Amino acid sequence: MLSQLPQEVLNDFHEDSNFRVSLDDCEPGQGRKVLMPDLSPQGTSRCVVLKPRLEQCSDAFACYIVAHEFAHAYLRNGGWGEFTCREAAADALAETWGWPKQPYEWLDW
Ligand SMILES: [Zn+2]
């Protein structure tokens, strides 16, 4: 999937030591642990946290979620062009990468 991202996006991630992809280690009744890098001097982090339950989803939905989260990271949780809503911006950018929004497979996502 990563290889399908535009080169400028891959370069942006590779050049930012604050960019990480982590797995959400959640155990029911035990809480969750997510390893994240220290904040940058600017106080920001670009950590994409993925839930293990993505393994149980359809490929289309899992790829959409990952692409959506990568889009947030690329946009630094901001808007994109005419999209001032960051969620709409992430969906629109992910769609240009080939992963359009999919119906949610769980209501409590
Ligand atoms: Zn989002």
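Readers should treat all values here as calculations from the given coordinates under stated rules, not as data from a laboratory. Computed from a prediction, not measured in an experiment: that's the story for all the values here. Methodologically, a virtual Cβ is constructed for each residue, glycine included, from the backbone with ideal geometry; neighbour enumeration extends over all protein chains shown.
Net charge within 13 Å of Asp12 by Cβ-Cβ distance, Lys/Arg positive one each and Asp/Glu negative one each, not counting Asp12 itself?
Working: positive: Arg46, Arg76; negative: Glu8, Glu15, Asp16.
It works out to a net charge of -1.
Cβ under 13 Å from Ala90's Cβ, Ala90 left aside: what net charge do those residues give with Lys, Arg +1 and Asp, Glu -1? Let's see the in-between values first.
Numbers: positive: Arg76, Arg86, Lys101; negative: Glu69, Glu87, Asp91, Glu95.
Surrounding charge for Ala90 is -1.
I'm a student and want to see the number: the projected area of the Cα convex hull of region 2-96, averaged over all directions, in nm².
Values: hull surface 29.1 nm².
With every direction weighted equally, the projected area is 7.3 nm².
Per residue of the chain, what 222 nm ellipticity follows from adding -39500 (n - 2.57) for every DSSP H run with n ≥ 4, rounded to the nearest 500?
Values: 3 runs with 36 residues, N = 109.
Mean residue ellipticity, 222 nm, calculated: -10500 deg cm²/dmol.
Around Arg32, what is the net charge, scoring Lys/Arg as +1 and Asp/Glu as -1 over all other residues with Cβ under 9 Å from its Cβ?
Values: positive: Lys33; negative: Asp24, Asp25, Glu27.
So the environment of Arg32 carries a net charge of -2.
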